[in-house]
Ligand SMILES: *Cc1c(COP(=O)(O)O)cnc(C)c1O
């Protein structure tokens, strides 16, 4: 197996974790679908006794195909270890359930992937966990939230859906000064764009359903962190909730990772062309893309991101009228999700999203509107030809 961490990112994306099995020296690893493995009669029946290097016993505990994916993502994120889950939501909620118990406090970005905020509002709150939503781009409000001890700070950068950034280095320092750990959902960035662990985060999380898989055909999530934290997460949560990724999906996502650096470069190049086109289009009020100088945190984007990924949003005067034309695209699909080879677009109305999910008021609502306006069209730019995409947008706008 390739262990050399000095390899370049692109080489690691292809080789890390993959070791030709000498009994079947295939160049491309086969999928191990077996859910059980011939066991040493001395193996303990309890996952409590699992160790980092335990032999494979049962796929909910560990599996060779899943392990390839975990090793590769850990290497790409500059982390010690990783644990793969059935979805991005399973990865985030497993980490939260592992770190938090009744009366503990968690600071969460006041804008996150909607399903995560709803989980925090509805499930964690019901478990008597003190969930404090904070605009993490406002360092003073972050500091205020540490009046009581905090176990975990949960951030996204860029955040879904408004593309606000979190200054990961700064937030990590403040979290650590106050005895808390920092988890960063880096789904929009991918390790090609930002590496949160190198900036001080304790955990990086991905919905691998998005860019890491990259082809819209497999769900998965992953948490990267320190060996002891990841083993603890496996023993206490993944084994017991059963939210493990299927080996087939792990294989597909590992296959997607081989081209991640090439895809992210192309996504980024397409996104800047489309964002610039829209910024100069008479029908468009505003475009938000971290790679445009008009992004409110462009300086932070330049210092924290190597490229700017393929996600941007735009606002128009009359979204209702444009919504009526969403089925007129030849290429774009009107659909949720993101990070696929196909271009996707979806509308997120501020009022509805605030009522269902974020429930922000006052300064926090103003902070949301600074990026989200009354509503945004969220675009995930695919890998089609940029001129074809521009023509498609132009015809519908
Ligand atoms: C999609 C997404 C998730 C959830 O991932 P699933 O794989 O759909 O469960 C979490 N965080 C972010 C930022 C996402 O975009």
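Some notes on this structure:
- Axis angle, to the nearest 10 degrees, between helix 260-279 and the longest C-alpha principal axis of the chain: 10 degrees.
- Peptide ranges 116-126, 318-328, 148-158 listed from the most packed, as the mean C-beta count within 10 angstrom indicates: 148-158, 116-126, 318-328
- Taking each DSSP H run with n ≥ 4 as -39500 (n - 2.57) and averaging over every residue of the chain yields -9500 deg cm²/dmol at 222 nm.
- If R0 is taken as 30 Å, the Cβ-Cβ distance between residue 45 and residue 241 corresponds to a FRET efficiency of 0.95.
- In degrees, nearest ten, helix 386-396 long axis to first principal axis of the chain (Cα): 50
- Spin-label model, residue 21/residue 299: points 7 Å from Cα along the beta carbon direction are separated by 5.4 nm.
- Between the Cα long axis of helix 247-257 and the first principal axis of the chain there is an angle of about 60°, rounded to the nearest 10.
- Most mobile of 39, 258, 201 in a GNM of the chain (Cα contacts under 10 Å): 39
- Each Cα pair under 8 Å and six or more residues apart adds its separation to the average, and for region 255-342 the resulting relative contact order is 27 percent.
- Kirkwood hydrodynamic radius (C-alpha pairs) into Stokes-Einstein, region 237-351, 37 °C and 0.692 mPa s, D in µm²/s: 196
- Long-range tail of P(r) for the chain (Cα pairs > 39 Å, %): 17
- Highest average packing first - 203-213, 52-62, Cβ atoms within 10 Å: 203-213, 52-62
Values quoted throughout were computed directly from the atomic coordinates according to the rules given, and no laboratory measurement underlies them. On a predicted model such as this, the values are computed, not experimentally measured, just so you know. Reconstructed Cβ throughout: ideal geometry from the backbone, glycine too, with neighbour counts over all protein chains shown.
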